[in-house]
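See structure below.
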Amino acid sequence: MSIEIRAIGKRFGSFVALEDINLHIPSGELVALLGPSGCGKTTLLRIIAGMESADHGQVLFGGEEATHLPARDRKVGFVFQHYALFRHMSVFENVAFGLRVKPRRVRPTEAEIRRRVMELLDLVQLDWLADRYPSQLSGGQRQRIALARALAVEPRVLLLDEPFGALDTRVRKELRRWLRRLHDEMHISSVFVTHDQEEALEVADRVVVMNRGRIEQIGSPDEVYSAPASPFVYQFLGNVNVFHSRVHGAWAEIGRESPAAYASAEAMAFVRPHDIDIERQPVVGSLEARVQDVHLIGPLVRVELAHATELIEVELTRERAALLSLVRGQQVWLKPRQVRVFALPETTLEDEGSGI
Amino acid sequence: MPRPASGRRLLPGFGLSLGCTLVYLSLLILLPLAGLAFKASELSLAQWWAIATSERALASYRVTFGASLLAAMINAFFGLIVAWILVRYPFPGKRVVDSLVDLPFALPTAVAGITLATLYAGNGWIGRHLEPLGVKVAFTPLGIVVALTFIGLPFVVRTLQPVIEDIEPEIEEAAAMLGASRWQTFTRVLLPALFPALLTGFTLAFSRSIGEYGSVIFIAGNLPLISEITPLLIIAKLEQYDVVGATALAVVMLIISFVMLLAVNALQWWAASRLHRRSGSADERR
C-alpha cells in the first residue's frame, strides 16, 4: 500500500517540528527517514501511524484519505525503539494480542490464532520462546517479537521507530539484514526512522534525509551519498568529524574541478576522507600538510593532518599507508580526487554530531 | 549478588542488623500481641466464644468489616483514577493536588471526624442537600463508610503512583496500534499490570479502616447493633472495667485481620508471580 504525505506541518508550541512535508512512498518500498535527533523524523512517523495529528496537511494510504483515521483503524504495524512489549503476557500472548482484540465477528478461532502466532514466531525464528516472558529475552529477541506482534494483524504498512537503536552493534547489523529480507518476503511498504546513516544506506530502497523539520533530499542510498543535494546531506552522510574539518575555503581555489565562479571565500568545498590521496612529493594542485597522527582502524588507516590551522582527516587503505610509511611530523602533499563545492553559505553549517 | 564461597557475605553487618530488626519487631509487635493472648487466656474457650459471638459484637463486626470493605473498594476505584491523573497528565495545580492526597495521613483523625460529621449532619453544607433526597449520612453506617473512605485514599494512591510511572505510555500506544479499543487496552494491558499494586493499596486501606477509631466515632452515631464499630465496643467494655471482655473482642479482631492479610498477601503473591514469572535473572528494565 502506497503512502502519500501532502503538505504536512506540525508545531509543538513555538518549535516547528515539521514544515510542509511532501513525500510519496510507493507500495512495497522500504524507506528510511534519516536525520539528526530533533529533525522531525519520529514526529512524521507518528503522524503516519496516527499517534500524532498534524496541524495541517494530509496523509493518504493507497490513495485513500486517512488523515483523521484513528490509529487503531489504520491497519498499520508499529515497532517501537524500546519494544513496548506487554510485560505480563507471554511471548505467545504478546503476538496474539492484535488478533484477540478484534471484534468478535472477525476474530479468528482459537486454533486459527494459535496457528497464525506460531507461524509468525517461526518467521522471526523464535518459535521456541513462545512461553517465555519479555523480561527473559535479550534485546534483539524482544525486538523480533515486537515485529512479529506488529505483523500479526496483517498491516498494510509497517512503521519502525529507531528499531535497532537500543541494540548493540553486532545485533543491530544482523537484525537490519534480517529486516531487509523480511520486508522482501512480506511485500508491504515499510518506513523506518534512524539516525544511523550506515543503517539507512544499507537497508533502505530510498533514503529521505531530514533536517529541522524539512526534507533535505530524497533519493536512493547511492544518490544521497554520492550526489548530496546540500551541505547538510554531505555532512550528515559520512564521517561528520572528518567533514567539519573539511569546511575550508582554500579547497575551492585549489581543486581544479571547481568552477571559477565559486572560487570566492563564500564557497565551501567538501571532500570525503577516502577521496584524498597523500603524496610524498608535491604534485600539481596538491596541498601541503603535516602528519599529526596515524590510527589503524580495522581495515583502514586514518591519518590526521594539519594544513595551516585546519585539521584534515584522510582514510587510506593499509597497503597505501604501508607504501607511504607515514610518521608523525612528516611533510606530505594532499591531492583531493573528488571535490564538491557549495557556494551557499547562507544556511550556516553546524556540527550536528555524528549521531552514533 | 556474588557470594564468596567461604560463607562470608560481601555486605557486612547482616548479623547486627538482623538482630536489631528482630528485637525491635518483638518489642513493638510480638510482645503486645502475646500480652493480648495471655490476657485473653483468663477466659475459658466457652466464655470467650460467648462474648465474641454476642449479638452486639456480631453486629459490630458486620459494621466494621462491611464499611471497611466498601470504603476500600471505593478507594481502589477512585484512587486508581486519582493516581492515574497525577502520573499521566500535566495540569495546573498538580503539585497541590498531589500533596492534598497526603492530608488524610497527616490530619488528626478526630479532626477529620468532626469535620465530616459537621459537613454531613442534617444542617451541614453537604448533609443539607442530601437529607431532602432521603439520604442520611451522618450518624448512620453510611457515615462510617464516608469517614473510612477519607482515611483510606492515600494508601491506594501512593501505592499505585510508582507502578503507573513504570508503565511507559508506549505500551498504550502499542495496544492502540494493534487495534485495541481504549477499554480493551485498559482491561487487557493496564489493569493486569496494575493489579498487584492495586491489591496492595486496597489491603492497606482496608486494614487501616478496620482499626480506625478517631474519625469514625464522631460521624457514626454509635448506635449499638446499627452503627457501632468493634473498636468502639472494645473501648466501651474498657470503660466498664471489663478488660477481659475487651480482650476477647480484640483477639477476634486480631484473628480476622491476620487471616485477611494472609489471604490478600497470598493473592498478591499469586498475581505478582503471574506478572514476573521466573524473571529473576533477566533485566526487568533498561
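The values are calculated or read from the model by the stated rules, or taken from the named source; none is laboratory data. Values in this document were obtained by computation on a predicted structure and should not be read as measured data. Note: ideal-geometry Cβ built from the backbone for every residue, glycine included; neighbour counts use all protein chains shown. These accessible areas exclude ligands, DNA and RNA; they are computed on the full protein's heavy atoms, side chains included. Shrake-Rupley method; radii C 1.70, N 1.55, O 1.52, S 1.80 Å.
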Among the candidates A:A54, A:A17, A:A7, A:A32, single out the residue that is of a type in the set (A, V, I, L, M, F, W, C) and surrounded by fewer than 20 Cβ atoms within 10 Å (Cβ to Cβ). A:A7
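In this structure, does B:T185 turn out to be more than 14 Å from every other protein chain (Cβ to nearest Cβ), part of a helix (DSSP H, G or I) and surrounded by fewer than 23 Cβ atoms within 10 Å (Cβ to Cβ)? Spell out the reasoning first.
Values: more than 14 Å from every other protein chain (Cβ to nearest Cβ): no; part of a helix (DSSP H, G or I): yes; surrounded by fewer than 23 Cβ atoms within 10 Å (Cβ to Cβ): yes.
When the stated conditions are applied, B:T185 does not pass them.
Take the residues in segment A:163-190 that are within 14 Å of another protein chain (Cβ to nearest Cβ) and open to solvent by less than 20 Å² (accessible area, probe 1.4 Å), then tell me which one is modelled with the highest pLDDT. Reasoning before the result, please.
Of segment A:163-190, the ones within 14 Å of another protein chain (Cβ to nearest Cβ) are A:163, A:165-168.
Okay, now just the ones that are also open to solvent by less than 20 Å² (accessible area, probe 1.4 Å), so A:163, A:167.
On the way: A:P163: 87, A:L167: 83.
Step by step, filter segment A:163-190, then rank; the result is A:P163.
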A:F61 is checked against (1) among the hydrophobic types (A, V, I, L, M, F, W, C); (2) out of contact with any Gly (no Cβ under 9 Å at 6 or more places or on another chain); (3) within 14 Å of chain B (Cβ to nearest Cβ) and fails just one. What number does that condition carry? (3)
When you look at A:V157, is it within 13 Å of another protein chain (Cβ to nearest Cβ), open to solvent by less than 10 Å² (accessible area, probe 1.4 Å) and within 25 Å of B:T187 (Cα to Cα), yes or no? no
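Listed here are the residues, each with its yes/no results for (1) of a type outside the set (A, V, I, L, M, F, W, C); (2) outside any helix (DSSP H, G or I).
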site	(1), (2)
B:R208	yes, no
B:L225	no, yes
B:P231	yes, no
B:G245	yes, no
B:V251	no, no
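Residue by residue, here is whether (1) away from chain A (no Cβ under 14 Å); (2) part of a helix (DSSP H, G or I); (3) open to solvent by less than 10 Å² (accessible area, probe 1.4 Å); (4) farther than 18 Å from B:N75 by Cα holds:
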| position | (1), (2), (3), (4) |
| --- | --- |
| B:V97 | yes, yes, no, no |
| B:I114 | yes, yes, no, yes |
| B:L119 | yes, yes, no, yes |
| B:G179 | no, no, no, yes |
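For segment A:150-161, indicate whether the set of residues that are part of a helix (DSSP H, G or I), of a type in the set (A, V, I, L, M) and under 25 Å from A:A71 (Cβ atoms) is non-empty. Steps first, please.
Just the residues of segment A:150-161 that are part of a helix (DSSP H, G or I), to begin with: A:150-151.
Still in the list and also of a type in the set (A, V, I, L, M): A:150-151.
When the remaining residues are screened for being under 25 Å from A:A71 (Cβ atoms), the result is A:150-151.
Yes, segment A:150-161 has at least one match.
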By residue number, the members of segment B:33-54 that are more than 17 Å from B:L238 (Cα to Cα) and open to solvent by less than 70 Å² (accessible area, probe 1.4 Å) are B:L33, B:A34, B:S44, B:A50, B:T53
Just give me the residues in segment A:86-139 being of a type in the set (A, V, I, L, M, F, W, C), farther than 21 Å from B:L194 by Cα, within 10 Å of chain B (Cβ to nearest Cβ) and part of a loop (DSSP other than H, G, I, E, B), in sequence order. A:L137
B:P92 passes all but one of (1) in a helix (DSSP H, G or I); (2) surrounded by fewer than 10 Cβ atoms within 10 Å (Cβ to Cβ); (3) not hydroxyl-bearing (S, T, Y); which number fails? (1)
Name, by its number, the condition in (1) under 23 Å from A:M1 (Cβ atoms); (2) open to solvent by 40 Å² or more (accessible area, probe 1.4 Å); (3) under 26 Å from the mean Cα position of the chain (by Cα) that does not hold for A:V59. (2)
Do you know which residues across segment B:150-166 are touching a Leu at 6+ places or on another chain (Cβ under 8 Å), open to solvent by 10 Å² or more (accessible area, probe 1.4 Å) and either more than 26 Å from A:Q143 (Cα to Cα) or not in a helix (DSSP H, G or I) (or both)? B:F150, B:F155, B:T159, B:Q161
